[in-house]
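**Q** Questions regarding the structure given below will be posed in turn.
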Number of protein chains: 2
Amino acid sequence: MRSPRKWWTKLSKPRLKVVAKPTVNDIARVAGVSLATVDRVLNERPGVRSVTIKKVHAAIAELGYIRDTAAANLARRRVYNLLFVLPDTENEFVAALRTQIEEQAEKLSNDRTELSLALAAPFDAQDFVAVLDRIDPSDTDGVAVFSPETPSVRDAVKRVRDKGIAVVTLVSDLPSSERDHFVGIDNVSAGRTAAQLMGRFIRRPGKILFITGSRFARDHLERRQGFDLVMNEEFPELEVVASVEGRDDPDLIHSLLPEVFENHPNICGIYSSAAGNEGLIRFLKDNRAAEDIVVIGHELTPLSQDALRTGVFDAVISQDSGHLVRSCVRLLRATADSAPYNPAQERIRIDIYIKENMPP
Amino acid sequence: MRSPRKWWTKLSKPRLKVVAKPTVNDIARVAGVSLATVDRVLNERPGVRSVTIKKVHAAIAELGYIRDTAAANLARRRVYNLLFVLPDTENEFVAALRTQIEEQAEKLSNDRTELSLALAAPFDAQDFVAVLDRIDPSDTDGVAVFSPETPSVRDAVKRVRDKGIAVVTLVSDLPSSERDHFVGIDNVSAGRTAAQLMGRFIRRPGKILFITGSRFARDHLERRQGFDLVMNEEFPELEVVASVEGRDDPDLIHSLLPEVFENHPNICGIYSSAAGNEGLIRFLKDNRAAEDIVVIGHELTPLSQDALRTGVFDAVISQDSGHLVRSCVRLLRATADSAPYNPAQERIRIDIYIKENMPP
DNA sequence: TTGAAAGCGATACCAA
DNA sequence: TTGGTATCGCTTTCAA
C-alpha cells in the first residue's frame, strides 16, 4: 500500500523557501528599492543607475520571480489589435478561415484582443501591397497575411515589420520577407503525403492529373514539388501528365477538365492541390468514366466532406482552420510582447482525412 | 480604389454608445447600488433582496457587461489544482502524456494552475479506485483519469464528482460514470480508419492479425469493434483471424507472435490497437516472411515514427498528447468554474500518420 | 535617478 | 440587506 502522505506528485517547480510566488513587492523589499524602480528595471525603462539595475536583477534572480502577465495587462490596460489580411474569395477554405476569425474575435474581445479583417483581390499582388502599406502601427500590433508570393509583397511585409508591427504569414509562406513566423503546414510534405496515398490507393497503371491554383501561390507550387518527388521515386509506373491552372475557380476548373480527359484517356488519379473543388466534384459526378479514379483534394470543408462520404474523393489533405487562427493570435501576441511561445503547440499538422475519420 | 476610411472591418461586437467596456463600477453606478452588492449578484451570493437583484441585472443587460476573468482571478487569488491519474506503465504513449503534463505544469504554474500526477497499477481497477477515493476536494479542483473500465471504477468516479470535483476521462472513456467530459478520440472511428487504410493498402488476399491490450481497456475494445465493422462491410476477402492480448507488454507480445504466425501462415496485415509496439517491431524486423505485411499501429512515438520511416509500419493512428493534456486542463478549469468552453477546440482529432506527414 | 500613491477590474472582509 | 474599503500584482503619473 502506498504511503498516505505522498501518493501524488506536485509537478510545478518546487519553490525553495517561500510558499507564495514572489511579486514585485518582494523584489522591491529584497533589493531595497521602490516599486516604481523595480518596474523600470523590469520593463527596461530608462533613468535607472546601473548599480540599481544590478541590485534589482539580483533580487529577481534570488527570488525566482516570474511576471504575472494577467495582472500586468490589467494594469496596463493593454489591448492587442490584430489584423488578418486575406484574399477576397468565395472559396470554402477562406470562408472557413473567416468564420473562425469572426467566431474567435467574439471571444477574444473579452481577452483584450481585437481582431480585424482586411481583404485584397485574390492573386493580385499589387492589391495586397496596397493593403499592407496602409497598416498603421498606432492602431495595429500584429498582422497575419495569406497572400500570393511576389517580390513586391515580400517588400511590403518587410515595411510592415519595419514599422514595429509583428507579422506572420498564413497558409502560404513568404520566406525572406522577414515575417516573424509562418503559420501553416509544410506544403512540400503535404504534396508528398498526397502522392504516397495516391500511389498506394491506385490499383492500375495510368496517368495522374494535377490541379493547381496559380503560379504565384507558393503553397500550391510546393505541393506540386513534393508530389512529383514521391511519384518519381516510389511510383514510376504512374505518370503525372497535366497541370490545370484553375485559379481556385470552380467554373473554370469544370470547363477545363473535358479537354484534359480527351487528351489523356487513361487518367487514374487526380490531385487537386488548390481550392475550387466544387467544379471538380461536379465534373466527376457527371462522368461515369471517372468512377474508379482515385481523387485526393485539399482542405476539409462541407463540400469535400460530402465528397469523401459519397466516395468521390478518396482522401483529403487538410489543415485545421481553427488551429490556424488561434495560432496566429497566440504568435502575434507573443511576438508583440517579445514573449516566448510553445513551438509544439503552434506546429500545424498535415491532417489526412478519409471517410472514416472525418469529424461528425 | 478602396475608401481610405474603411478598408478593414473590426470584428468584435460593436458596442452601442460607450467606447470602453463596462465594469462593475459602471453597473454599480447605473443600478444605484454599491460595488459589493454588484459582486453579490454577479456571484449569486445570498443576502440580496430580489428587487435589488433585478436592478443589478437590468444594469448588466443594459450595459452589456462581460466579466473580466483575469481581473477576477487576480482578486480572488484563484488557483486551480488539477490531478492527472495515469497507469504506472513504461509504455511510450503514457510516457509522452507524462512528459506533456510535466512540461505544461511548468508553464501553467504561472497561470494559476497547479498540476499533480498520481499513478495506479496498470489494468488494476482496484488500485484506480483506491487512488480516486483518496482525492480530497479541499485541495483538488479537477481530475483527469485514464483508467480501465469496470463498474467499480465508474462508481469511484461518481464519488469523486459527488465531492464537487470536476472529472474528465482521458483516452479511454468511462461512460455512465457521469464524468464531465471525455478527452480523447472516438475509438470506434479510429478502428474504422485503420481498417479502411488496411484494406486499401493490402494488395493480396490473406488474413489479418489484431493485437489488443486488455479486455478491460475500453479504447481497445472500441477500436476492435470499428475495425471489424469496416473489414466485414468493405473487405470481405480479408479475414480477421486472431486477437493477441498483449497487455501493452512488448516482451509478452514478442513471445506470443511466433505461434500465431505458425497457426496462420497467410497473414497479410497486422493492426496493433494497443501499446507495446516495441515487441511487434522487433518481431517484424527479425522475420523476413513479414516483409510485405501491411502494419498499422497506434500513437506516434519515437519508436513508431522510426517504424514508419523504415517501412516496418505503413500507417499510425494517433492522438496528439499535447492536445490531450491542454484539453484536459481547459475543460477542468472551465468545469470547475462552470464556465463555457469551445467544443471545436476540444475535439481530439484522429490523426493519420504515414512516413511523409510525420513531424520532423 | 528615485519614490509615493493612485489606479486597472474584481473580490472579500468588516461594519452598519 | 447593504456599503465602505483594503487588496490582488503590476503599471503609471507626479513629485521630490
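The values are calculated or read from the model by the stated rules, or taken from the named source; none is laboratory data. Not measured: the values here are computed from a predicted model. In this analysis, Cβ positions are derived from the backbone assuming ideal geometry, glycine residues included, and neighbour counts consider all displayed protein chains. Heavy atoms of the whole protein, side chains included, go into the accessibility calculation; ligands, DNA and RNA do not. Shrake-Rupley method; radii C 1.70, N 1.55, O 1.52, S 1.80 Å.
**Q** Give the residue that is surrounded by the most Cβ atoms within 10 Å (Cβ to Cβ), with candidates limited to residues of the stretch B:104-123 that are modelled with pLDDT under 95 and under 20 Å from residue B:274 (Cα atoms).
**A** The extreme case among them is B:122.
**Q** Then there's this: Report, by residue number, each residue of the stretch A:281-310 that is assigned to a strand (DSSP E or B) and touching a residue at least 40 places away in the same chain (Cβ under 8 Å).
**A** Once the filter is applied, which keeps residues that are assigned to a strand (DSSP E or B) and touching a residue at least 40 places away in the same chain (Cβ under 8 Å), the stretch A:281-310 yields A:294, A:296, A:298.
**Q** When the residues of the stretch B:316-350 are filtered to those that are open to solvent by less than 10 Å² (accessible area, probe 1.4 Å) and facing another protein chain (nearest Cβ under 9 Å), which remaining residue is farthest from residue B:286 (Cα to Cα)?
**A** That would be B:322.
**Q** I've got another one for you. Is it the case that some residue within the stretch B:242-250 is surrounded by fewer than 16 Cβ atoms within 10 Å (Cβ to Cβ), more than 27 Å from residue B:320 (Cα to Cα) and at pLDDT below 95?
**A** The answer is no, given that none of the residues of the stretch B:242-250 is surrounded by fewer than 16 Cβ atoms within 10 Å (Cβ to Cβ), more than 27 Å from residue B:320 (Cα to Cα) and at pLDDT below 95.
**Q** Out of the residues in the stretch B:22-40 that are closer than 30 Å to residue B:110 by Cα and crowded, with 18+ Cβ neighbours inside 10 Å, state the one that is farthest from DNA strand D (Cβ to nearest atom).
**A** Out of the qualifying residues, it is B:22.
**Q** Same structure again: Pick out the one residue from B:159, B:134, B:179, B:200 that is within 14 Å of chain A (Cβ to nearest Cβ), touching a helix residue (DSSP H, G or I) at 6+ places or on another chain (Cβ under 9 Å) and free of Cβ contacts under 8 Å to residues at least 60 places away in the same chain.
**A** One residue alone meets the criteria, B:200.
**Q** Taking residue A:309 as the residue in question, decide whether it is more than 25 Å from residue A:215 (Cβ to Cβ) and over 24 Å from the mean Cα position of the chain (by Cα).
**A** So residue A:309 passes the test.
**Q** Next question, about the same structure. Please verify whether residue B:262 is assigned to a helix (DSSP H, G or I), surrounded by fewer than 23 Cβ atoms within 10 Å (Cβ to Cβ), free of Cβ contacts under 8 Å to residues at least 12 places away in the same chain and charged (D, E, K, R), treating the condition exactly as stated.
**A** Considered against the rule, which asks whether it is assigned to a helix (DSSP H, G or I), surrounded by fewer than 23 Cβ atoms within 10 Å (Cβ to Cβ), free of Cβ contacts under 8 Å to residues at least 12 places away in the same chain and charged (D, E, K, R), residue B:262 comes out as yes.
**Q** Related question: Would you confirm whether any residue within the stretch A:268-280 is in a helix (DSSP H, G or I), touching a Gly at 6+ places or on another chain (Cβ under 9 Å) and closer than 26 Å to residue A:167 by Cα?
**A** Looking for residues that are in a helix (DSSP H, G or I), touching a Gly at 6+ places or on another chain (Cβ under 9 Å) and closer than 26 Å to residue A:167 by Cα, one finds none in the stretch A:268-280, hence no.
**Q** Pairs please, first residue from the stretch B:45-66 and touching a residue at least 40 places away in the same chain (Cβ under 8 Å) and more than 12 Å from residue B:33 (Cα to Cα), second anywhere and outside any loop (DSSP other than H, G, I, E, B) and away from DNA strand D (no atom under 16 Å from the Cβ), Cβ atoms under 6 Å, 6+ apart in sequence or on different chains.
**A** Between residues of the stretch B:45-66 that are touching a residue at least 40 places away in the same chain (Cβ under 8 Å) and more than 12 Å from residue B:33 (Cα to Cα) and residues that are outside any loop (DSSP other than H, G, I, E, B) and away from DNA strand D (no atom under 16 Å from the Cβ), the close pairs are B:66/A:110.
**Q** Give the residues of the stretch A:72-86 that are among the hydrophobic types (A, V, I, L, M, F, W, C) and open to solvent by 30 Å² or more (accessible area, probe 1.4 Å), sorted by residue number.
**A** Answer for the stretch A:72-86, where residues must be among the hydrophobic types (A, V, I, L, M, F, W, C) and open to solvent by 30 Å² or more (accessible area, probe 1.4 Å): A:74, A:75, A:79.
**Q** Given the criterion over 30 Å from residue B:121 (Cβ atoms), more than 14 Å from DNA strand C (Cβ to nearest atom) and either open to solvent by 30 Å² or more (accessible area, probe 1.4 Å) or not assigned by TED's automatic domain parsing to the domain that holds residue A:132 (or both), identify the matching residue among A:66, A:53, A:101.
**A** Working: A:53 fails: more than 14 Å from DNA strand C (Cβ to nearest atom); A:101 fails: either open to solvent by 30 Å² or more (accessible area, probe 1.4 Å) or not assigned by TED's automatic domain parsing to the domain that holds residue A:132 (or both).
Only one candidate passes the filter, namely A:66.
**Q** Which numbered condition in (1) in contact (Cβ under 8 Å) with a residue 24 or more places away in the chain; (2) closer than 30 Å to residue B:271 by Cα; (3) more than 14 Å from every other protein chain (Cβ to nearest Cβ) is the only one that residue B:188 fails?
**A** Condition (3) is where residue B:188 drops out.
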